[in-house]
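Colleague: Structure incoming, see below.
The values are calculated or read from the model by the stated rules, or taken from the named source; none is laboratory data. All values reported here derive from a predicted model rather than from experimental measurement. All Cβ positions, even for glycine, are placed from backbone atoms using ideal geometry, and neighbour counts span all protein chains on display. To get the accessible areas, we keep the full protein, side chains included, count just its heavy atoms, and leave off ligands, DNA and RNA. Shrake-Rupley method; radii C 1.70, N 1.55, O 1.52, S 1.80 Å.
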Amino acid sequence: MSDAVKVGFVPFSAPPRGILVVFCDDSLKSGAAARKALGTAANTVKRAAAANQFKGKSGAALDILAPEGIKAQRLIVVGTGKPSEIKPHDFLKFGGVIAGKLNAGSDVVTVVAELPDGAMQPDQSAAVASGMRLRAYKFDRYKTRKKDGENEAVRADVSIAVDDVAAARKAFAPDSHVVDGVIIARELVNEPPNVLYPEEFARRASQLRKLGVDVEILDVKAMTKLGMGALLGVAQGSARPGRTVIMRWNGAKRGDQPVAFVGKGVCFDTGGISIKPAGSMEDMKGDMGGAACVVGLMHALAARKAKVNAVGAIGLVENMPDGNAQRPGDIVTSMSGQTIEIINTDAEGRLVLADVLWHVAKKFKPKFMIDLATLTGAIMVALGTEHAGLFSNNDELAERLTKVGLETGERVWRMPLGPEYDKLIDSQFADVKNAGVRNGGSITAAQFLQRFVDGTPWAHLDIAGTAMGAPKSDISHSWASGYGVRLLDRLVADYYEARKNS
Ligand code: BES
Ligand code: MN
Ligand code: ZN
């Protein structure tokens, strides 16, 4: 992994080092500290802006050789657009844009965290720092030749100049743990499937113990004892045994009802006997994106010592065709007691989740359960890569998720549920079947999950389009996006944490 942007905060008065970064609005106006840093060079900057048709649009950057009279070698001016139109989520983007301008190898950078009419707020300069870290992340563990610029990662020593150093540091400390969580999720999703199989995934999740997270690993014997026939039916086709991992972070009072997060962890999805076509099958190494998000989220919550009791539960399997694999037509008995007719072995994620959701609902009686799963190709047809599909039996939870989605930029779009859809998965031979008709494929998948939540307030996020393979963005050039960590961390922070000052 390469995550080599080191960020520190310095006062505005500190002399800038290395590349100088300042902000300006859509009238090319900068703040007082930036003007001071530029000095007599301001005029040259104006001319360079005109020559490059730089108009200070949000996220645009003017990148020039530093004019005579400034100590810096390079000068980067980042546009904020019209000040009244800046959204909270834009500060991450600004950081991403800056990191995108850095060279591979090592750079020293000073960012003057200031808008035209004054210093950025502590949370805003912290977001610039987070954006830089997120954008600079690169998965290069398996590149043995990194010397040719192309493969070399950005390594930067960044000073962010602010008006209140202590306040900025205080704001960035928790945010930086959340960025670590995103990077952990990306790492897991980017790893090849020969390296990251269920037992290895469980081993990596168990590293959360260092942060005080209680980690319990259920092996096949333990899952058999619990009666997890749906999950085990998927797992039985692989030479690599399945696992369920339960992570618990207790940051609130003992006995406080926990919140729960459940992740689909199919470490590789061949489709099983209903095998997938060869084209892009390699992408199915990312079919554990939901589980990766849960691990990244638990890291974030524990590292920033969130005042919440949280349960993270992930079902880890490999879906393989094999002499011992389950067949279309098989009927398995889930932990809930409901029998499931297997119509298509490629609809395996819902089978894994059925048992983990039931287990979590019964054992922890959580305030709510949110599951994340790269569940259906159909959600990509519906929503592309801009929104995750949101399905919920609880309007308040759905509204909160929608709101934090807009704030973090990890957006969700609510999709319908209802009895007309539910009856499409009634089975001729068992209580339920694992696949309906092609139409409404994401909805029938969600209906299936709903049969295993036991009335618990629940939301399902179908992240097949957002967890991996999305186009590069200002804050991610990684195949795996780490989608969901920032969204759910914010949900917890805004609605489910005990007041910070109590
Ligand atoms: N993991 C896939 C869904 C998926 C597809 C995720 C493409 C990311 C990219 C899931 O297990 C699956 O195969 N779903 C089937 C369900 C169908 C057989 C009812 C699908 O979407 O085709
Ligand atoms: Mn599948
Ligand atoms: Zn799958």
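Colleague: Put +1 on the Cβ of each Lys and Arg and -1 on the Cβ of each Asp and Glu in the chain; which of Asn319, Ser478, Leu231 then has its Cα farthest toward the positive end of the dipole?
Modeller: Ser478
Colleague: According to the square roots a ≥ b ≥ c of the eigenvalues of the Cα gyration tensor, what is the shape class of the range 26-70, taking rounded for a/c under 1.5, prolate for a/b larger than b/c otherwise, and oblate for the remainder?
Modeller: It comes out oblate by the Cα gyration axes.
Colleague: Can you show me the helix-derived [θ] at 222 nm for the chain, built from DSSP H runs with n ≥ 4 at -39,500 (n - 2.57) apiece and divided by the number of residues, rounded to the nearest 500.
Modeller: Rounded to the nearest 500, it is -10000 deg cm²/dmol.
Colleague: Another question, then. Hey, what's the Kirkwood Rh for the range 15-147 if you take every pair of different alpha carbons, in angstrom?
Modeller: Over the range 15-147, the inverse of the mean reciprocal pair distance is 15.1 Å.
Colleague: I've got another one for you. 7 Å from Cα along Cα→Cβ at both Ala14 and Arg209: what's the point-to-point distance in nm?
Modeller: Modelled inter-label distance: 3.9 nm.
Colleague: Can you give the FRET efficiency to the nearest 0.05 for Lys46 and Glu407, using r as the Cβ-Cβ distance and R₀ = 30 Å?
Modeller: About 0.30, to the nearest 0.05.
Colleague: If you place +1 on the Cβ of every Lys and Arg, -1 on the Cβ of every Asp and Glu, and leave all else neutral, what size is the dipole of the chain about its Cα centre, to the nearest 20 Debye?
Modeller: Around 1380 debye, computed over the chain.
Colleague: Of Val404, Val332, Pro419, which is farthest on the positive side of the dipole of the range 328-465, counting Cα position, with +1 on Lys and Arg Cβ, -1 on Asp and Glu Cβ, and the Cα centre as origin?
Modeller: So the residue we want is Val404.
Colleague: With r as the distance between the Cβ atoms of Tyr142 and Ser27 and R0 = 41 Å, compute the FRET efficiency 1/(1 + (r/R0)^6) and round to 0.05.
Modeller: That pair, Ser27 with Tyr142, gives E of 0.30.
Colleague: What residues of the range 18-32 lie in the reach of a label at Lys71, counting those whose backbone N is under 13 Å from a point 7 Å from the Cα along Cα→Cβ?
Modeller: Output list for this probe position: 18-20.
Colleague: Whenever you get a sec, compute what percent of the accessible area on the chain sits on carbon and sulfur atoms (1.4 Å probe).
Modeller: Within the chain, the accessible surface is 51 percent carbon and sulfur.
Colleague: How much length would be gained if the chain were fully extended between Asp322 and Asp283, taking 0.36 nm per residue of separation minus their Cα-Cα distance, in nm to one decimal?
Modeller: Value of the extension gain: 12.0 nm.
Colleague: Between Asp330 and Asp426, what length comes free when the chain is fully extended (0.36 nm per residue of separation minus the Cα-Cα distance, one decimal in nm)?
Modeller: Full extension from Asp330 to Asp426 adds 33.0 nm.
Colleague: Could you provide, to the nearest whole Å², the per residue accessible area of the range 357-502 with probe 1.4 Å?
Modeller: Roughly 42 Å² per residue, with all protein chains present.
Colleague: Given the peptides 440-453, 66-79, arrange them by the average over their residues of other C-beta atoms within 10 Å, most packed first.
Modeller: 440-453, 66-79
Colleague: Which of Ala252, Pro193, Ser206 sits farthest toward the positive end of the charge dipole of the range 169-286, with +1 on the Cβ of Lys and Arg and -1 on the Cβ of Asp and Glu?
Modeller: Final value for the positive-end residue is Ala252.
Colleague: Would you work out if the range 382-502 is rounded, prolate or oblate? Take a ≥ b ≥ c from the square roots of the eigenvalues of the alpha-carbon gyration tensor; rounded if a/c is under 1.5, else prolate when a/b is larger than b/c, oblate otherwise.
Modeller: Note, shape of the range 382-502 comes out oblate.
Colleague: Still on this structure: Which value, in debye to the nearest 20, describes the size of the charge dipole of the range 56-123 about its Cα centre when Lys and Arg Cβ atoms bear +1, Asp and Glu Cβ atoms bear -1, and nothing else is charged?
Modeller: The calculation lands at about 160 debye.
Colleague: Restricting to lysine pairs 8 or more places apart or on different chains, what number in the range 359-502 have Cα atoms under 28 Å apart?
Modeller: Number of lysine pairs found: 13.
Colleague: For a label point 7 angstrom out from the Cα of Glu386 toward its Cβ, which stretches of the range 400-426 have the backbone nitrogen within less than 13 Å?
Modeller: The answer is 411-413.
Colleague: To the nearest 20 debye, what charge dipole does the range 43-173 have about its Cα centre, counting +1 at the Cβ of each Lys and Arg and -1 at the Cβ of each Asp and Glu?
Modeller: 480 debye
Colleague: I need the shape label for the range 126-268. Rule: rounded when a/c is under 1.5, else prolate if a/b > b/c, else oblate, with a, b, c from the alpha carbon gyration tensor.
Modeller: In terms of gyration-tensor shape, oblate.
Colleague: Now for a separate question. Quick one: accessible area per residue over the range 1-93, 1.4 Å probe, rounded to a whole number of Å²?
Modeller: That works out to 53 Å² per residue.
Colleague: Might you tell me the accessible area per residue for the range 199-281, computed with a 1.4 Å probe and given in Å²?
Modeller: Accessible surface, normalised per residue, equals 45 Å².
Colleague: Within the chain, which complete DSSP H helices have Cα atoms spanning at least 30 Å along the helix axis and a mean Kyte-Doolittle hydropathy of 0.5 or higher?
Modeller: Helix filter hits for the chain: 165-190.
Colleague: Then there is this: How big is the Cα convex hull of the chain in projection, averaged over all directions, in nm²?
Modeller: 24.2 nm²
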